1. Identify, among His209, Ala168, Ala117, the residue whose Cα sits farthest towards the positive end of the charge dipole of the chain, taking +1 on the Cβ of Lys and Arg and -1 on the Cβ of Asp and Glu, with the dipole about the Cα centre.
2. If we count every other residue with Cβ under 13 angstrom of Ala256's Cβ, Lys/Arg +1 and Asp/Glu -1, where does the sum land?
3. If you line up the long axis of helix 222-232 against the longest principal axis of the chain, both from Cα atoms, how many degrees apart are they, to the nearest 10?
4. Work out the length of the dipole vector of the chain about its Cα centre, built from +1 on the beta-carbon of each Lys and Arg and -1 on the beta-carbon of each Asp and Glu, and round it to the nearest 20 debye.
5. Figure the gain on full extension for Gln154 and Ile2 (residue separation times 0.36 nm, minus the Cα-Cα span) and round it to one decimal in nm.
6. Which order results if Leu5, Leu151 are arranged by neighbouring Cβ count within 10 Å, fewest first?
7. Of (i) -0.54, -0.65, -1.12; (ii) -0.44, -0.54, -1.02; (iii) -0.52, -0.62, -0.99, which is the value of log10 I(q)/I(0) by the Debye sum over Cα atoms at q = 0.10, 0.11, 0.15 Å⁻¹ derived from the coordinates here?
8. Give the angle, between 0 and 90 degrees and rounded to the nearest 10, that separates the Cα long axis of helix 202-217 from the longest principal axis of the Cα atoms of the chain.
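Every number here is computed from the coordinates shown, using simple stated rules; none is lab data. No experiment lies behind these values; they were computed from the predicted model shown. As a convention, Cβ positions derive from the backbone with ideal geometry for all residues, glycine included, and neighbour counts pool all protein chains shown.
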Amino acid sequence: MISSLAFVHPEAKLGKNVEVGPFVYIDKNVIIGDNNKIMPNATILYGARIGNGNTIFPGAVISAIPQDLKFAGEETTAEIGDNNLIRENVTINRGTVAKGKTIVGSNNLLMETVHIAHDAIIGSGIIIANGTKVAGEVIIDDNAIVSAGVLMHQFCHIGGYGMLQGGARFSKDIPPYIIAGRDPIRYSGINIIGLRRRGFSNEVIENIHNAYRIIYQQGLNRKEALDKIESEIPMSEEIQYIVDFIRNSSRGIITA
């Protein structure tokens, strides 16, 4: 299932049932699991670690060296999980000495021309739409939806189960469960439809909404808001996630 027109380095390791199209380039120090489909003109470079059941579309480049002038050729990786759709011309750079690896989890859809920079950590169940650029050391938590043409500053953290409006630009953290949009970007409510589709109960959704009312509508500083949430809202996994996310935010969160 490997095209005679593809180049596969003899030191590369490929699993079972891997389909490699014509003009694919697979470098040395590459490990690819089972049941992957690598379409024509894709490039898999040194340091790639790819799991099972992924589809990599034409023109994608996995594990190119970082676009970071501090990179000095250190041994790093780009690690891809299982069952991802990596569409045309997506680029995923490998890590630097900062973290040593770039990580993309499982069951993600990375649409055309998405860029994942060095040392980013992309969770699972995420959609990143066309042309979005994920800067170095950005973290995106599970089940986030990022619309097209979004520009992220390095080191930002995007919470899970939220939605980012197309064309957004930001240098602050985006808390979980919310919709973030407009220009300049700001809190635009919680992602009610998305939470319902994910099976969140009405009670949990209301508690999440109440937490964000405290954060964004009562004029409190971070400590005051988090203390009030912990004292007034029934603690659950979801509320604890919000509290921990905001408390640990080094860049600060977007405003209302």
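1. So the residue furthest toward the plus end is Ala168.
2. In short, +4.
3. Value to nearest ten degrees: 70.
4. Roughly 440 debye, rounded to the nearest 20.
5. That pair, Gln154 and Ile2, stretches by 50.9 nm at full extension.
6. By the 10 Å Cβ count, ascending: Leu5, Leu151.
7. Structure-derived value, by its label: (iii).
8. 70
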